[in-house]
Each structure stands twice: as C-alpha cells, then as structure tokens.
Amino acid sequence: MRRLRQRRRGSARGEPCRSGMATPRLTRRRCGEWRLTDLDTAFDCATLADGNRASIGVAAGRIVAIEADAAKLAPARRRVDLAGALVLPGLIDGHIHLDKTFMGDRWQPHQPCMAGFDVRERVRFEKAQLAAAAPVVQRAAALVELAVSCGTTHMRSHVDIDPSAGLANLEGVLAVREHYRDAVSIEIVAFPQSGIMTCPGTAALLDAAVVAGADLVGGLDPDGFDGDATGHLDVVFGIAERRGVGIDIHLHDGGAAGIAELEAIAARTRALALGGRVAVSHAYALGQVAEAAARRTAEQLAEAGVAIMTNAPGDRAFPPVMLLRAAGVTVFTGSDNIRDAWWPYGDADMLERAMLIGYRSGFYTDDELASALDLATASAARALGLADYGVRPGAPADFVAVGARHAAEAVVTRPRTRAVYKAGRLVARDGAFCAADRAAELVGRRS
C-alpha cells in the first residue's frame, strides 16, 4: 500500500504537525442559528470499517460528514489524501500505569521475587527502584508519547496512592494529562497499590485523590491482599457513592475466592445503581474455574453492568473473552505495566495488544480478530463511558489511519504505517510523536 500522503492547498505535499486548528467560518441563519460553511479538513480516500471508500469532513475538532462522493462535502480549507488507508477510531488503552514506568529513564533490569511471585515483595522492589528513578512527569510523558505514536487517543491510568507517596504521583500525572490534553485524553484511577485495610491512612488519601482530580477510585485484591474484602469494598464503594465517581478494581485473586469477590462487586454495583461505571481489571478467577461457574458469574456481571479488563498476560489464565461477551459483559483491554518493576515488556501498542489477546484466545476468523480489536475500540469506549466515540458524524475526530484493508489485517499485521489524529489534528505519524520535544518542555517547566 502506498505511504499515507498529505496535501494542503497551495503547499507542498506533506502535513507538518501543528499546535492548533483553524476556526471554521460560520454563517448566520434565521432565528439566530449558525451553520458551518467551511470544513477545517477533508480526509479523502479513507477506507471505512465496512470496506467502502469515503471522504470525512472535520470542523471544530469533530466529524461533521462522511460522504462516498467527496464533492458532496462542504468546501475545506485543506484536503488530506489518506490513499486508501483503513480509518479506525482512536485506540483506547483501558489500563495503564503511567507513574510506574521506567520509560524516559535508564534501563532497569528486572528483579525476580525470592520464592515465587509475591505482590508485597514486588511492591517493595518497586518502591526501592522508583526512589532512584527519574521524576514521574519525565517517565509518564515518555510513555504518553509512545502510546500516542502507536495510535492511542484515550487512556485510563491507574496511579499509586499510599501514605509514603501521598498524592505526589497523582500530581505528576495530572500535570502530564494537562500538558498532553491536545494529543490524548487521560482518565485517572486512584489506585491503592499498598492496600487499604492493611495500610492505615490510605482510605483518606483515596478520597483526597478524587477531590484533587482523580476520575475513579480503585481497589486491589480485597481478600487476598488486604484480608478484609468487606472492609475494602466498603471504602471503595463508599468513596464512589459519596463523590459520584466510577470504580476500577484490580482483582488477581484466583479460584473460588476470586469468584466470590466478583459476585460481591456485582451485588454492590446493583445495590448502588452503578451499572456501567464499575470495572474489574484482570479477574484471573474467571479463567481458572469451570466453564459453568464462569458463565454463572458472567451473567451476574452483565446484569449488574460490571465490565472486565484483560490484557491476556503471558503466564496466567485470563477471562474467557467470548464467553463473557456472549453473556453480555463489556470486555475491554489495556497495556497494564510497561517496562517497569513488574515486568520488562510492553510497547503501548493497542493493535499489538489486540493481537496478543487473539493469539492467546485462539481467534482465527476475521470476525474473531475484529472482536479482538473491539476490545481496544468500541467496547473500551463503552467501559470508559465515552458516549460520542467512533468514526461517525458528531463524534470527535479522533482516529488512526493504518496501512491495512480491514480490521482483521490490522490486528494480524500491526502495520507501522499509521497517522494518528486527535480532534482532526495530526499528532503522530509512523511511530513518531509530533512535537517530540514536549516531554522536555514539561520536565523543564516543573524542575
């Protein structure tokens, strides 16, 4: 496929990165209404999800028209030839840890646990390594730029909150969110990595984190890590109810104990009418129990409106994606840890993540591969409450044009030929973030 080409009226071929967009011209109509008479940009020769070619008209950061005949679009200030590239909605990383990464810092060799994996020991290793690491803003900014360069336009980041760190990690990620607001939208979960019931003072800090700007409250293995599932969930759901925010709980607990916790979370979600605002990340137990038990729990999760996030980690059982989807559960995906104290892997590429989920799930047909991609697009948008998501009129012009013919090929080949647009503005091309000095600018301003 030809390299994506960009053309601007009266200029040489090729689109430079810009810091802003032109304001569309408005004409007054009767009764004081206004209508758009010009588009900011017309994206021509786009391949849509259904395989058809079309032109996409963008004004004021939103898609205002999609036409098979480019001549039917309103006049545009500039035209971009996508050369037949497949246009996907902006990719969504539904679970990432911006504050933990070593990206943007020196390489850190992985330190294994002494006697098999142990979360508390892993947390101790992490705290020691991060104490000597570069500032949060430097590392988080580097990871944001990497994610955007791969096509991510929205992400949900869990941020560690505990008495030793206070709100410092949150403050750093809030600064990164503001700095990159024109390139990516970032939701923040206040995450109790050191526990709640076993870590005095954390409950109050989680509440303070939400007041300070976190969008959701998180949890961590209420039974297996904290040893008090009822108390742990009382705190998490109490903050959510009091502050009007959503919930995203890490749940690694396996077997019957993990299933019991999932059922307790579903029951509390129903009781507080929080359906659609609660997610459980990992939920390994769903991939460890018998199919009948997994299906029974899936029905409860679907009825309650609890979503499940899986990143299909390499050495663990993970939730059965198709079983959950068939039951009506919203299943989405995310990178999880990227090059940090937990593991050295990760490249923030959600097409790669979709491929890994498909590979581990035994997805082979085009429909199955499209379902894998759905976990990083439409289903993720539903889990994160993004009501106006997609490549359609009225939605924000957040999309990625990739060198593939259809969703299945995009998942299998993960093409490097990509152009990433946020609000209709080019923010990354072929793995390179536009205005790549922005991380240094942010770090310099805060030093």
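Using a cutoff of 8 angstrom between alpha carbon atoms and counting only pairs six or more residues apart, the relative contact order for the stretch 314-432 works out to 19 percent. The simple Förster model, with R0 at 45 Å and r as the Cβ-Cβ distance, assigns F117 and A273 a FRET efficiency of 0.75. Of all lysines in the structure, those lying under 19 Å Cα to Cα from K100, and not within fewer than 8 positions of it along the same chain, are K127.
When the chain is described by a simple charge dipole with +1 on each Lys and Arg Cβ and -1 on each Asp and Glu Cβ, the residue from G255, G61, I308 located farthest towards its positive end is G61.
At an R0 of 22 angstrom, the distance between the Cβ atoms of H110 and T413 translates into a FRET efficiency of 0.15. When both the stretch 126-168 and the stretch 43-122 are represented by their alpha-carbon centers, they are found 20 Å apart.
Once Rg and the Kirkwood radius are both taken over the C-alpha atoms of the chain, their ratio Rg/Rh works out to 0.98. Spin-label pair D38-V211: with each label point 7 Å from Cα along the Cα-Cβ axis, the two points sit 4.8 nm from one another. With contributions of -39500 (n - 2.57) from each DSSP H run of at least four residues, the per-residue ellipticity at 222 nm computed over the chain stands at -10000 deg cm²/dmol.
Using Cβ point charges alone (K and R +1, D and E -1), the dipole size of the stretch 139-288 about the Cα centre works out to roughly 380 debye. Site pair A256 and R124 shows an inter-label distance of 3.1 nm when each label is modelled 7 Å from Cα along Cα→Cβ. When the charge dipole of the chain is built from unit charges on Cβ atoms (+1 for Lys and Arg, -1 for Asp and Glu) and taken about the Cα centre, the candidate among Y359, P109, A387 whose Cα reaches farthest toward its positive end is A387. Under the criterion of Cα pairs below 8 Å and six or more residues apart, the relative contact order for the chain equals 19 percent.
Which percent, to the nearest 5, of DSSP beta bridges fully inside the chain are antiparallel? The answer is about 45 percent antiparallel.
Going from the residue with the fewest nearby Cβ atoms within 10 Å to the one with the most, Y389, Y421, Y345 rank Y345, Y389, Y421. With all pairs of different C-alpha atoms in the average, the Kirkwood value for the hydrodynamic radius of the stretch 342-443 is 15.1 Å.
Using the Cβ-Cβ distance between A60 and S164 with R0 = 41 Å, the FRET efficiency computed as 1/(1 + (r/R0)^6) comes to roughly 0.35.
Counting beta carbons within 10 Å around each of D118, D81, D221 and listing the fewest first gives the order D118, D81, D221.
Between A348, A293, A317, the Cα set farthest toward the positive side of the dipole of the stretch 264-356 (charges on each charged residue's Cβ, about the Cα centre) is that of A293.
Values in this text are rule-based calculations from the coordinates and carry no lab data. Please read all numbers here as calculations on a predicted model, not as lab measurements. Ideal geometry is used to build each Cβ from the backbone, glycine not excepted, and the neighbour counts take in all protein chains shown.
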